[in-house]
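What follows is a single structure, written as structure tokens, with notes after it.
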Amino acid sequence: NAGVMQNPRHLVRRRGQEARLRCSPMKGHSHVYWYRQLPEEGLKFMVYLQKENIIDESGMPKERFSAEFPKEGPSILRIQQVVRGDSAAYFCASSPQPDTQYFGPGTRLTVL
Amino acid sequence: RKEVEQDPGPFNVPEGATVAFNCTYSNSASQSFFWYRQDCRKEPKLLMSVYSSGNEDGRFTAQLNRASQYISLLIRDSKLSDSATYLCVVNNNYGQNFVFGPGTRLSVLP
């Protein structure tokens, strides 16, 4: 059973561009969580999704950020018009039920 | 007050030492509790869940004190490979709100 997959592992964008981060949960897991980790800081919850539904987006910035988890395919975290402050590691986690979470390797976003 | 608090450390201990970390949480309605470890520039990995009765996994022992709202992690006979950041995680709302502490950094020295 493959673990949580995230791609790309590293993403470089210039200010104003869009960033798309993808997360494929573990097989059989229908709950997906996105977190952001700034250098030398802890993980900050962003959003919790189930298939085709956003359950909790209380940690998402109000503008430029969106997330989806379609019926088919990976979960996508989309950041529009990136700024330097968006540079961080973005981790996705999945779980079979709202319980223990298993993390992917993360996507490291660098905004130039 | 932050929702989940940990001493950031670093804790520098010699191989073979016993080390303990505490974590306090502010929401008395918290449902479940976990310890994760995170190596530098890697993803967090589940170390163990924390049950009310306490639980042990090899050299690791976790305990929960609901009355005082803290959880602890004890590592016996420290190994070099235990060097990492240990994250306390609290689940507040049936899976909808996992809150991570800032982590405690451990360095086990030869």
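The values are calculated or read from the model by the stated rules, or taken from the named source; none is laboratory data. As the structure is a prediction and not an experimental result, all values here were calculated from the model. Glycine gets a Cβ as well: all are built from the backbone with ideal geometry, and neighbour counts include every protein chain shown.
Against the condition over 18 Å from B:Asn97 (Cβ atoms), among the charged types (D, E, K, R) and away from chain B (no Cβ under 14 Å), how does A:Arg78 come out, does it pass? Criteria met by A:Arg78. Based on this model, can you work out whether A:Lys51 counts as within 20 Å of A:Tyr102 (Cβ to Cβ), surrounded by fewer than 17 Cβ atoms within 10 Å (Cβ to Cβ) and in contact with a Phe, Trp or Tyr (Cβ under 7 Å, 6 or more places away or on another chain)? Answer is yes for this residue.
A:Arg78 meets the conditions (1) in contact with a Gly (Cβ under 8 Å, 6 or more places away or on another chain); (2) modelled with pLDDT of 90 or more in every case but one. The failed one is (1). Residues that are within 12 Å of the chain's Cα centre (by Cα) number at least 3 in the following strands (runs of 3 or more DSSP E) confined to segment A:1-83: A:5-7, A:19-24, A:31-37, A:43-50, A:65-68, A:75-79.
Being touching a residue at least 60 places away in the same chain (Cβ under 8 Å) and within 21 Å of B:Leu87 (Cβ to Cβ), is that true of even one residue in segment A:78-91? Yes, that holds for at least one residue. For the condition within 11 Å of chain B (Cβ to nearest Cβ) and either in contact with a helix residue (DSSP H, G or I) (Cβ under 9 Å, 6 or more places away or on another chain) or among the small types (Gly, Ala, Ser) (or both), A:Ala93 qualifies.
Counting only residues that are out of contact with any Pro (no Cβ under 8 Å at 6 or more places or on another chain) and within 12 Å of chain A (Cβ to nearest Cβ), segment B:24-58 holds 15 of them. Among the residues of segment B:59-102, the ones that are within 14 Å of another protein chain (Cβ to nearest Cβ), more than 25 Å from B:Arg41 (Cα to Cα) and surrounded by fewer than 20 Cβ atoms within 10 Å (Cβ to Cβ) come to 4 in all.
Take the residues in segment A:84-111 that are part of a loop (DSSP other than H, G, I, E, B) and modelled with pLDDT under 95, then tell me which one is nearest to B:Phe34 (Cα to Cα). If you could, list the steps in order and put the result at the bottom.
Here is the first cut: in segment A:84-111, the residues part of a loop (DSSP other than H, G, I, E, B) are A:87, A:96-101, A:104-106.
Checking which are modelled with pLDDT under 95 leaves us with A:96-101.
Working: A:Pro96: 16, A:Gln97: 15, A:Pro98: 13, A:Asp99: 10, A:Thr100: 8, A:Gln101: 10 Å.
For segment A:84-111, the residue satisfying everything is A:Thr100.
Would you confirm, using the coordinates I've provided, whether B:Arg41 is closer than 28 Å to A:Pro39 by Cα, out of contact with any Phe, Trp or Tyr (no Cβ under 8 Å at 6 or more places or on another chain), of a type in the set (D, E, K, R) and at pLDDT below 95? Give the derivation first.
Working: closer than 28 Å to A:Pro39 by Cα: yes; out of contact with any Phe, Trp or Tyr (no Cβ under 8 Å at 6 or more places or on another chain): yes; of a type in the set (D, E, K, R): yes; at pLDDT below 95: yes.
When the stated conditions are applied, B:Arg41 passes them.
Kindly indicate whether A:Arg22 is out of contact with any helix residue (DSSP H, G or I) (no Cβ under 9 Å at 6 or more places or on another chain) and of a type in the set (Lys, Arg). The answer is yes for A:Arg22.
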